[in-house]
Structures are given as C-alpha cells and as structure tokens.
Amino acid sequence: MEDNEIRKIFHRIDLIREEVDSQVREPEFSDEKREREQRNPNMIEDDNDVLRRFAELIAFSENAKSDKVSNMLETDIFTVIFNQFKIEVVAKMDANTVLSQYWNVIKDIRFRHKVDKIISCAKSLVSIRSKHGSFLSMLEKHNIPHKLESEGDLKNFWQGFDSLRYVLEKENMPFFRSHISLLHFLLDIGYDCIKPDVVVMKVAKDLGIVEREEGRQNFRRTVRFIQSYCINRNIKPAVIDLYLLVYGRQNWAKKFLKN
C-alpha cells in the first residue's frame, strides 16, 4: 500500500473517532477508554487468573451475543462452575457433568462444546506450568513488546506472536492457538493489538485496509495496519478497538451510544 493511500485511511480513522465521540454516552465511554489504557500484563495474578480470562473469552467467541454473555458473566456463575478457576481442579472436570447441571444457566455462550474447551485449556495450562513454571513465564520468554512505539517494535511483536502461537499449538491449547483468539487474549491483558472480529473486519474492508473480511492474512494485515496507525497517532490499540466496535455497532458496544 502506497504512503498516500495509507495517509487517506489514517484520516478516515480520525473521522471515525470524531463521529463516535459525538454520539457516545458519558462518562461510560470515557470510563471504558480509561480501563483499556490502564491494562497491563503485570495485572495477571497467576495461572488460575489466566484460565479465568480464557474461559471468559471463550464464552464470548463464535458469535455469541456479547451483551447477553457479559450479563451472564457478571453473575459469577463461571467462577462457581469452574471452582474458582483452579487449573488442577478444572483439568479433572467432566464436561458432560457440567453441562447436565448448568447448561440452562450458561446457554448464552451458544455452543456446548465450549465447556470442554475450557477444561482442555486447564489441562494445557497444567502442562505449561510443569515445563515453564507458569503461563506468564512462558509468555515473557517470547519477548512480545507490551507497548509499540516504533516499526521495530511492530516487527518484534509479530515475531514473538508467531513464536508463542507455535508453542500453544504444541501444547494443544484450544482456541488460543488461533490468530483471532490469541490476539483477543493479548488485547485483554494489555498488549498493543486489537481483535480482528467480524465487526472490526467489516470496518477494515470498508476503509480499504483489506479486500476481504475473512482469512488469516487479512486478519494480520488489519491488526498490523491499526497498530501502525496507533504508533503514528500515539494512541493505544485497545482504545481504537473500542472506537471500531462502537462505530460498527457491535452488540456489547451499543451501550456506549446515546441512542
């Protein structure tokens, strides 16, 4: 993509931010922006906290209604079902038993197989702990920059990302060995990236960042383009992720609009 075309798309993203700012509820929108700006990988407490985050992101995945899932998670039912997310305990759980007891109260996650995936995540985390000390220790070994300030940082981000994903594939980690889910997790814990979900990819296509909304290379191109924009504009990608979700009228993000 030529520099002139990049500048034009950068300007269109600026206009999206202005449009969203004129339509949002306050202080709710600014509160969410502030929370995203303050995210930091150091906020992860331990492997149990990693499993909690994994479980919540799995609940939101595969086009589940984000507003309904959010309301369900606020009841802390997942904490009860998955025993405070203690990885050794969850790794020994039986998915069929969980489903028979709790499916009616967690059915907003949309697919029953997600329960088995959460349990499988716990098993992979137990394996990672035995080999690396903890998931966080393993993550830090891949030297993914927490904050992107230059194109060099951007190059290092994707090198570390691919290295991390390779390890997760070897550990048979469900969901989070995929591009979208792993980017979602890194976004959630404060790394400078976005999640290329359905809404974000639709906006990316409309902006001319990609020609198609599907495909791994289009996902990567979209995230990398937004990361470059954020470096140029000195803004955190998690904040731009919020702007794109609101602009694209994602179900969860609609609550930040006045109307």
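Throughout, read-outs are computed from the coordinates displayed, never taken from laboratory work. Note that the structure is a prediction, hence the values are computed from the model and not measured. Neighbour counts run over all protein chains shown; Cβ positions are idealised from the backbone, glycine included.
Tabulated results
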| item | result |
| --- | --- |
| Flag if Asn48 is in contact with a Lys or Arg (Cβ under 7 Å, 6 or more places away or on another chain) and either outside any loop (DSSP other than H, G, I, E, B) or aliphatic (A, V, I, L, M) (or both) | yes |
| Members of segment 71-98 found to be part of a helix (DSSP H, G or I) and buried (at least 17 other Cβ atoms within 10 Å of the Cβ), listed by number | Met72, Leu73, Phe78, Ile81, Phe85, Ile87, Val90, Val98 |
| Considering residues of segment 2-30 that are free of Cβ contacts under 8 Å to residues at least 12 places away in the same chain and assigned to a loop (DSSP other than H, G, I, E, B) only, the residue nearest to Tyr229 (Cα to Cα) | Glu2 |
| Close pairs from segment 64-85: first under 24 Å from Ser124 (Cβ atoms), partner outside any helix (DSSP H, G or I), Cβ under 7 Å, at least 6 apart | Ala64/Arg110 |
| Close pairs (6 angstrom Cβ cut-off, 6 or more residues apart or separate chains): over 17 Å from Asp76 (Cβ atoms) and in contact (Cβ under 8 Å) with a residue 12 or more places away in the chain in segment 88-115, assigned to a helix (DSSP H, G or I) and not charged (D, E, K, R) anywhere | Ala91/Ala122; Ala91/Val126; Met93/Ile119; Ala95/Val115; Ala95/Ile119; Leu99/Val115; Arg112/Leu99; Lys114/Ile58 |
